[in-house]
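To start, the structure under review is shown below, and the notes come after it.
The values are calculated or read from the model by the stated rules, or taken from the named source; none is laboratory data. Just so it is clear, the model here is predicted, and its values are computed rather than measured. Ideal geometry is used to build each Cβ from the backbone, glycine not excepted, and the neighbour counts take in all protein chains shown. Protein only, heavy atoms only, side chains kept; ligands, DNA and RNA dropped before computing areas. Shrake-Rupley method; radii C 1.70, N 1.55, O 1.52, S 1.80 Å.
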Amino acid sequence: MPRALVVYESMFGNTEAVAESIVEGLATSMTVSLREVGHAPYAVGDDVDLLVVGGPTHAFGLSRQTTRKDAAAKAAGVVVSGGPGLREWLDRADVPLGIQAATFATRAAHPRLPGSAARAAARRLRHAGADLASSPEDFWVTGMTGPLATGELERARRWAESLAATVAGRLEPVGQA
Ligand SMILES: Cc1cc2nc3c(=O)[nH]c(=O)nc-3n(C[C@H](O)[C@H](O)[C@H](O)COP(=O)(O)O)c2cc1C
């Protein structure tokens, strides 16, 4: 089976829940590893057929140390990703040229602000030489700290299933010379 690596950042747990649903969707046709960004390898192996990265939208894009500090203050210091964020991981990551990739983010539905961590991550992956298999996808939370809007986990699972199907179609058929 083709292999997928899902790397996520999350403060209050909403993006983590979306990442877990994405794993469920991908796992219908792929072997999937899930890594919180602080525990993700910087060297992405050639054996990874699909790299999926996602994080919360902070200040119109990827989080920074300052925005993560704000989030930690709101969560009384207890956050899922207490170390580096996706921005720092993408800056350092060694990604195989031409790897299939996709990005996702969570965003607040109200107030609706411009910008998406998924779009920012997609730009960085494209510059690193990845081949985007899907448009960046946003999933909505109803307030600053969550919860996710109704139906978003199911939508994430279906998005991932369709992503896995796209990637399967792009991979070379096994056994061809
Ligand atoms: C410091 C900070 C800045 C934020 N900026 C934005 C923003 O620009 N646009 C937006 O839609 N949501 C913004 N949010 C809301 C986050 O997107 C929301 O907290 C996140 O989706 C929740 O995911 P998590 O539980 O995985 O951290 C911000 C949240 C924090 C804490």
When the residues of region 64-98 are narrowed to those that are over 18 Å from ARG124 (Cβ atoms) and of a type outside the set (A, V, I, L, M), which ends up modelled with the lowest pLDDT? GLY77
Being among the basic types (Lys, Arg), closer than 20 Å to ALA160 by Cβ and modelled with pLDDT of 95 or more, is that true of even one residue in region 31-52? yes
Just checking, which of ARG126, ARG107 is in contact with a helix residue (DSSP H, G or I) (Cβ under 9 Å, 6 or more places away or on another chain) and either at pLDDT 95 or above or open to solvent by 50 Å² or more (accessible area, probe 1.4 Å) (or both)? ARG107
Any idea which residue in region 67-85 is farthest from GLY38 (Cα to Cα), counting only those that are in a helix (DSSP H, G or I) and near the ligand (Cβ under 8 Å from one of its atoms)? LYS74
Of ARG3, ARG87, which residue is buried (at least 20 other Cβ atoms within 10 Å of the Cβ) and not β-branched (Val, Ile, Thr)? ARG87
Can ASP47 be described as among the charged types (D, E, K, R) and open to solvent by less than 30 Å² (accessible area, probe 1.4 Å)? no
Checked region 82-115 for anything without any contact (Cβ under 8 Å) to a residue 60 or more places away in the chain and hydroxyl-bearing (Ser, Thr, Tyr); matches are THR103
Take the residues of region 60-81 that are in contact (Cβ under 8 Å) with a residue 40 or more places away in the chain and open to solvent by 70 Å² or more (accessible area, probe 1.4 Å): which is nearest to THR103 (Cα to Cα)? PHE60
Just to be sure before I move on: is ARG170 away from the ligand (no atom under 16 Å from the Cβ) and at pLDDT below 95 in the structure I sent? yes
Taking region 1-31 as the search range and keeping residues that are more than 10 Å from VAL52 (Cα to Cα) and small (Gly, Ala, Ser), which one is nearest to the ligand (Cβ to nearest atom)? SER10
What do you reckon, is ALA59 more than 8 Å from the ligand (Cβ to nearest atom) and aliphatic (A, V, I, L, M)? no
Scan of region 86-112 for residues that are in a loop (DSSP other than H, G, I, E, B), of a type outside the set (A, V, I, L, M, F, W, C) and within 13 Å of the ligand (Cβ to nearest atom), ordered by number: HIS110, PRO111, ARG112
Being more than 8 Å from the ligand (Cβ to nearest atom), closer than 24 Å to ARG3 by Cβ and part of a helix (DSSP H, G or I) is the requirement here; does ARG119 meet it? no
Please verify whether region 147-166 includes one or more residues that are surrounded by fewer than 14 Cβ atoms within 10 Å (Cβ to Cβ), closer than 26 Å to HIS39 by Cβ and within 16 Å of the ligand (Cβ to nearest atom). yes
